[in-house]
Amino acid sequence: MDQDRDGRTELSTHDDPSRVSQARVEAAEALRRLGNALVGHHVEDDYLREMAKTADAMLTEVIAGERRARPIDDMKRYVWGIAPGEGDRVNHFPDCIVSGAANPMGLGMSIWRDGDEAVARVRLGHAFEGAPGRAHGGVVASIFDDVMGIVLTINATPAFTARLTVSYLAPVPVGVELEFRARQTWREGRKLFIAADATHEGSVIAEAEGLFIALPPERFGLPPAPEEVRAEAGETPARGPDTSL
């Protein structure tokens with residue numbers, strides 16, 4: 001593993017503890033398309049019964065394989081140890097229910113870095129409806145939480161969500177492109193405040209504010225935070241013995 005000029009660990013693809021094959025991603029994408037299509041279209045019962053039989057037969061084959069293990073500490077090191085560059089696509093891990101490309105129940109969302117902001121674009125399918133033609137509010141909240149989490153990755157700051165507040169300003173439509181943007185607004189000790197908004201065709205349709213609690217990077221085997229960040233968080237930098245007379 002290499003480090004960038006700020007001491008952040010850069011993981012190559014073979015270092016990624018949660019790396020998955022392209023075939024797994026393609027299978028997940030196909031299943032997502034099928035799920036959204038099934039919710040959004042009328043299908044004859046006879047065909048649905050055949051689908052159920054085929055799915056059960058495939059399930060038998062899938063669960064016969066070796067069980068996958070996803071070490072949580074390794075995954076956290078990967079999330080907060082990478083150094084996303086400008087425009088780089090980012091996700092928490094391939095199986096993430098929100099941004100993971102390899103999760104067949106996920107959203108099929110793309111996230112990248114734009115300066116100090118995390119930006120996501122997503123086209124929600126019918127499987128994520130609440131009211132007809134509108135996205136379920138919980139799905140919108142989960143997108144906000146995920147995009148805010150990528151801001152932590154950009155800032156190389158391990159933290160967990162303590163509070164998330166969403167303001168729904170207009171119905172959030174499905175089947176069209178939506179954009180979510182998040183950025184850190186300020187820090188107060190270990191408390192990180194992140195704001196975000198969702199837009200459709202340039203109009204803001206939802207806003208969110210999140211409170212995150214920072215954790216020591218060393219807990220995940222990462223380099224310590226820079227001294228100025230530790231001071232801002234209210235931590236006392238380690239000092240050597242006083243040798244003055």
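The values are calculated or read from the model by the stated rules, or taken from the named source; none is laboratory data. Values in this document were obtained by computation on a predicted structure and should not be read as measured data. Here the Cβ is made from the backbone with ideal geometry for all residues, glycine too, and neighbour counts use every protein chain on show.
Is it true that Trp80 is closer than 21 Å to Asn155 by Cβ and surrounded by 19 or more Cβ atoms within 10 Å (Cβ to Cβ)?
Criteria met by Trp80.
Restricting attention to segment 85-105, the residues being acidic (Asp, Glu) and closer than 12 Å to Ile143 by Cβ number 0. Looking only at residues in segment 52-88 that are touching a helix residue (DSSP H, G or I) at 6+ places or on another chain (Cβ under 8 Å) and of a type in the set (D, E, K, R), which one is farthest from Gly149 (Cα to Cα)? Checking each candidate, the answer is Asp73. Residues in segment 130-163 that are closer than 24 Å to Phe220 by Cα and not in a helix (DSSP H, G or I): Asn155, Ala156, Thr157, Pro158, Ala159, Phe160, Thr161, Ala162, Arg163. Which residues, counting only those in segment 69-119, are of a type in the set (Phe, Trp, Tyr) and in contact (Cβ under 8 Å) with a residue 60 or more places away in the chain? Scanning segment 69-119 gives Tyr78, Trp80, Phe93.
Each residue in segment 37-48 was checked for being loosely packed, with under 10 Cβ neighbours inside 10 Å and either acidic (Asp, Glu) or assigned to a helix (DSSP H, G or I) (or both), and 4 pass. The lone criterion from (1) assigned to a helix (DSSP H, G or I); (2) closer than 16 Å to Asp146 by Cβ; (3) modelled with pLDDT of 90 or more left unmet by Ala101 is number (1).
Test of understanding: among Thr153, Thr243, Thr157, which residue is at pLDDT below 95 and more than 23 Å from Arg77 (Cα to Cα)? Step by step, each of Thr153, Thr243, Thr157 is checked, and only Thr243 is at pLDDT below 95 and more than 23 Å from Arg77 (Cα to Cα). Residues in segment 144-181 that are crowded, with 22+ Cβ neighbours inside 10 Å and under 14 Å from Ala208 (Cβ atoms): how many? The total comes to 10. Name the single residue that is farthest from Glu86 (Cα to Cα) among those in segment 105-129 being in a helix (DSSP H, G or I) and among the hydrophobic types (A, V, I, L, M, F, W, C). By that ranking, first place goes to Ala127.
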